[in-house]
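Participant: To start, I am sharing the structure in question, which I have written as C-alpha cells.
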Amino acid sequence: MSDDLARARREARPDNLPSLRRLDAALQRADIRWEGRTAREWLALYFDPEGPEEAQEHVFDAGLGLVPALLEMLESSPSEQWRESAKERQLGCLSMLSAVRPEPTGVVPALLFLLKAPSARVRRETLSLMAKLRPRPTAAVLRAVFACLEDPRDVEVRARAAQVLARLSGAVPPRVRAVALTLLRDSQRWIRRFALVVLERVSPPDAGLAVPLEEQLLLDDDNRMETLRALWVHAPERALGLLVEEAGNARERPGERSIRFESGVRAISLLGSCGVRAVSVVPDLLRLRNGSWAQVFIDAAVDDILRDELRGRRYPPVSGVPSSLVEALRAELPASLNAGERPADVLVRWAIACAGQGTEARVRMMLAATRRVMRHSDDEHPEDDGPRRGLAAIEDWVCAPTEEAARRARRDSNLLPSQTSTPAAYAAVWALANGSRCIPLSGPVSLEESDTYDRALRACLSSASRALSVSTWGTGEFETSTRAQGSLSSSEGVRALQRAIQDEVLPWALGTWDPVRDVRRERSRLDASVLSAP
C-alpha cells in the first residue's frame with residue numbers, strides 16, 4: 001500500500017467530503033482493484049443493464065472511497081432523451097449512498113440540487129437520505145428544506161421535508177421551532193407528527209410550549225402520544241396526570257384494534273421511560289394494574305420507575321477487592337480489530353469477556369440489553385403482550401433459577417416477530433428470542449457448552465444493536481409505523497447498550513443492590529400497601 005493511500009484512508013472522515021475525495025484520488029493513483037477491476041469500473045458495471053451479477057457484490061468494496069464517484073454520477077447532466085434513465089441512475093446512487101458504512105454525512109451539501117429535480121420520486125428519496133444522515137441546520141439546508149415544505153405537488157415530499165427537520169443534528173434553531181409550530185395546523189398527520197418531534201427536541205425545556213401542546217392534545221387524536229411526549233419534556237408536572245389518564249384506556253382489551261387502547265399502552269410505556277421523575281404516579285399505576293389486561297405492561301413500567309429510583313439511592317461503599325466480573329464490566333469497549341469490524345461486534349467481544357464470569361451474568365446482560373430496546377415493540381404492537389411476558393419469565397428465572405422456570409422462560413420468549421413490523425421492532429423481538437437461549441435447561445453452563453451460550457448472547461446483542469440503529473419507521477409510506485422518531489448511529493447504539501448493561505449488572509456484581517430481585521420486592525411491597533389502603 002502506498003504512503004498516500006495509507007494516509008488518505010486514515011484521514012477519511014464520513015463527515016468531511018474533501019477527505020473522501022482525497023481517498024478516491026489515492027485509490028485511483030494506486031490502481032487498487034477487486035477481482036481485477038477498480039471500484040469505479042464495478043460501479044459502471046452495476047448500472048449497466050448488461051453488467052455481470054457479481055458487480056453488486058463488489059461495488060461497496062471501496063467503502064467511503066466510493067462516495068465521490070456516486071456524487072459525480074448524480075451531478076452529471078443528462079441529455080433530454082436520456083432523462084428517464086438518468087432518473088433511475090439518480091435513484092440507484094441515492095440508494096447506494098444510503099447503504100455506505102459508515103454513513104457519509106458530509107455529502108448533504110452535494111445533494112441539495114436534487115431537491116429541485118423534476119422527479120418527485122427523486123426529491124422524496126433525497127429527503128429520505130438527508131433525514132438518515134442527520135444534516136446540520138445550515139442556512140443552505142434550511143432554505144432547501146423549507147422550499148420542499150411548500151411543495152404543492154406532492155404530499156410525501158412535504159412529509160419527508162418535515163422528517164428532515166425532525167432529524168437535524170444539534171440544537172433546534174429558532175427558525176425551525178417557529179416553522180414546527182405552524183406545521184401543527186397542517187392537514188397531514190405525518191407532517192404534524194414530525195413537527196411534534198421537532199418541538200420535543202427543543203432545548204432547554206420551554207414552559208411556553210405547554211399551551212399550544214395542550215391545545216394540540218385536544219385537536220389531534222392521531223398524534224396523542226407524540227403530543228404527550230413533547231408535553232412531558234416541556235411541562236412534566238402537567239403531563240403526568242394526562243399520561244395516567246391516557247393509561248386508563250388500556251384497562252380492558254377491546255374486541256378489535258382500538259386507537260385509544262393502543263395509546264393507553266404507549267402511555268404506560270412512556271411513564272416507565274420517565275424513571276424516577278414518575279415515581280409519584282406509581283400508586284396510580286398499581287391501582288390501574290389490578291384487573292387490567294395491560295398488567296404486564298404496567299409491571300414493566302413500574303419496575304423501570306422503581307429501578308431508576310433505587311439506582312439513585314446512596315449505598316455503603318463495597319469493601320474488598322473488586323471481582324473479575326466487576327473489572328470486566330467497568331472496562332472500556334475494546335478497540336476495533338480492523339476497519340471492517342462493526343461497532344456491534346466490538347460490543348459483543350466486550351460482553352463475552354464479561355459473560356465468561358458465569359451463567360447468571362450472561363443472562364442478566366441479555367436481559368438489560370433486551371429491556372433497553374423492548375419499547376420499540378411496545379410502540380409498534382401494543383396489542384401484543386407476548387414480548388413483555390417473555391421478559392417477565394426471564395426475570396422469574398433470575399429470581400428463582402429452577403429447571404421449570406428455565407423451560408417457561410425459553411418457551412415464553414421463543415417468539416417470531418411480525419414481518420410487517422418496522423425494522424426496530426422486528427430486531428427487538430429477535431433480541432429477546434435469541435437472548436433467551438442464554439438460559440441453560442440443565443443446570444449451570446459447563447466449559448464445553450459455554451460457546452453455545454456465547455453465540456446466543458452474540459445474537460441477542462447484535463439484534464439489540466440493530467434495533468437501536470435502524471429506522472423506527474418502515475420504508476416507503478409512513479403508514480407502516482406509529483412513531484416518527486429516528487435512530488441512533490451504530491456507535492451511539494452500542495454505547496447505549498453498554499451503559500444499559502453496566503447500569504443493571506454492576507450493582508448486582510458489586511453486591512450493593514439487585515436491579516431484578518430488589519425491584520420485584522419493592523413492587524410487591526407497594527402493591528400490597530395500595531391494596532390495603534382504604
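Participant: Under 4 °C and 1.567 mPa s, how fast does region 486-534 diffuse according to Stokes-Einstein, given a Kirkwood radius computed over C-alpha pairs? Answer in µm²/s, whole number.
Facilitator: Rounded to a whole number, D works out at 98 µm²/s.
Participant: In degrees between 0 and 90, to the nearest 10, how far off the longest principal axis of the chain does helix 259-273 point, with axes built from Cα atoms?
Facilitator: The angle comes out near 80 degrees.
Participant: Report, to the nearest 10°, how far helix 517-532 tilts away from the longest principal axis of the Cα atoms in the chain, using its own Cα long axis and a range of 0 to 90°.
Facilitator: The angle comes out at about 60 degrees.
Participant: Can you give the percent of C-alpha pairs in region 404-446 whose distance is more than 14 Å?
Facilitator: For region 404-446, the share of Cα pairs beyond 14 Å comes to 51 percent.
Participant: Region 255-331: which trypsin sites (Lys or Arg not before Pro) are DSSP loop and have at most 16 other beta-carbon atoms within 10 angstrom?
Facilitator: Filter output for region 255-331: R257, R313, R314.
Participant: If N is the number of residues in region 160-202, what value comes out of its Cα radius of gyration divided by 2.2 N^0.38 Å? Let's see the in-between values first.
Facilitator: Values: Rg = 9.1 Å, N = 43, 2.2 N^0.38 = 9.2 Å.
Here the Cα radius of gyration is 0.99 times the empirical estimate.
Participant: For helix 359-373, report the angle its Cα long axis makes with the longest principal axis of the Cα atoms of the chain; keep it between 0 and 90° and round to the nearest 10°.
Facilitator: It is inclined by approximately 60 degrees.
Participant: At 25 °C and a viscosity of 0.890 mPa s, what translational diffusion coefficient does Stokes-Einstein give for region 1-108, taking Rh as the Kirkwood radius over Cα pairs? Give it in µm²/s as a whole number.
Facilitator: Roughly 171 µm²/s, to the nearest whole number.
Participant: For region 377-421 and region 314-368, what is the separation of their C-alpha centers, rounded to whole Å?
Facilitator: 24
Participant: If you average the C-alpha positions of region 84-146 and of region 277-303 separately, how far apart do those two centres end up, in angstrom?
Facilitator: 44
Participant: Using 0.36 nm per residue of separation minus the Cα-Cα distance, give me the extension gain between S442 and D222 in nm, one decimal.
Facilitator: Contour length minus the Cα-Cα distance gives 74.3 nm.
Participant: Under a no-solvent Debye model with one identical scatterer per Cα of region 262-379, what's log10 I(q)/I(0) at q = 0.13, 0.17 Å⁻¹?
Facilitator: Reported log10 I(q)/I(0), two decimals: -0.72, -0.98.
Participant: Using 1/(1 + (r/R0)^6) with R0 = 51 angstrom and r between the beta carbons of N338 and L416, what's the FRET efficiency to the nearest 0.05?
Facilitator: Between N338 and L416 the formula returns 0.90.
Participant: Simple spin-label model, 7 Å along Cα-to-Cβ: A99 to D48 in nm?
Facilitator: 1.9
Participant: Next question, about the same structure. What is the percent carbon and sulfur in the accessible area of the chain, measuring with a 1.4 Å probe over the protein chains and ignoring ligands?
Facilitator: On the chain, the fraction of accessible area on carbon and sulfur atoms equals 50 percent.
Participant: Take the eigenvalues of the Cα gyration tensor for region 208-296, scale each by 5, and report the square roots as semi-axes in whole Å, largest first.
Facilitator: Here the semi-axes work out to 21, 17, 9 Å.
Participant: Using a 1.4 angstrom probe on the protein heavy atoms only, could you order Y426, Y453 from most to least accessible area?
Facilitator: Y426, Y453
Participant: Let me ask another. If one computes the Cα centroid of region 13-28 and of region 153-173, what distance in Å separates the two points?
Facilitator: 28
Participant: Moving to a separate point now. So which trypsin sites (Lys or Arg not before Pro) in region 6-113 end up in coil per DSSP with only 16 or fewer other C-beta atoms within 10 Å?
Facilitator: R33
Participant: What three numbers, in Å, describe the spread of the alpha carbons of region 73-154 along their principal axes, ordered from the longest?
Facilitator: Reported extents, whole Å, longest axis first: 37, 34, 18.
Participant: Further, regarding this structure: Given a 1.4 angstrom probe, what's the average accessible area per residue across the chain, in square angstrom? It would help to have the intermediate numbers written out before the result.
Facilitator: Working: 24550 Å² over 534 residues.
In whole numbers, the chain has 46 Å² accessible per residue.
Participant: Hey, any idea what Rg/Rh is for region 132-176, computing Rh the Kirkwood way over Cα pairs?
Facilitator: Here the Rg-to-Rh quotient is 0.95.
Participant: Ignoring everything except DSSP H segments at least 4 long, calculate the 222 nm mean residue ellipticity for the chain; use -39,500 (n - 2.57) per segment, divide by total residues, nearest 500.
Facilitator: -19500 deg cm²/dmol
Participant: What are the GluC sites (Glu not before Pro) within region 172-265 that DSSP puts in a loop, where the Cβ has at most 11 other Cβ atoms within 10 Å?
Facilitator: Sparse-neighbourhood loop GluC sites (Glu not before Pro): E256.
Participant: Here's something else I'd like to know. Putting +1 on Lys and Arg Cβ atoms and -1 on Asp and Glu Cβ atoms, find which of V145, S169, S128 reaches farthest to the positive end of the dipole of region 128-171.
Facilitator: Farthest towards the positive pole: S169.
Participant: Moving to a separate point now. May I ask for the Rg/Rh ratio of the chain, computed from Cα atoms with Rh as the Kirkwood radius, given to two decimals? Don't jump to the answer; show the numbers that get you there.
Facilitator: Values: Rg = 25.3 Å, Rh = 25.4 Å.
Rg/Rh: 1.00.
Participant: Still on this model: Rounded to two decimals, what is the ratio between the C-alpha radius of gyration of region 58-206 and 2.2 N^0.38 Å?
Facilitator: 1.08
Participant: Can you find, among V530, A425, S465, the residue sitting farthest towards the positive end of the charge dipole of the chain, where Lys and Arg contribute +1 and Asp and Glu -1 at Cβ?
Facilitator: V530
The values are calculated or read from the model by the stated rules, or taken from the named source; none is laboratory data. Every value quoted in this text rests on a predicted model; they were computed, and no experiment measured them. Methodologically, a virtual Cβ is constructed for each residue, glycine included, from the backbone with ideal geometry; neighbour enumeration extends over all protein chains shown. Heads up: the accessible areas ignore ligands, DNA and RNA and are worked out on the full protein's heavy atoms, side chains in. Shrake-Rupley method; radii C 1.70, N 1.55, O 1.52, S 1.80 Å.
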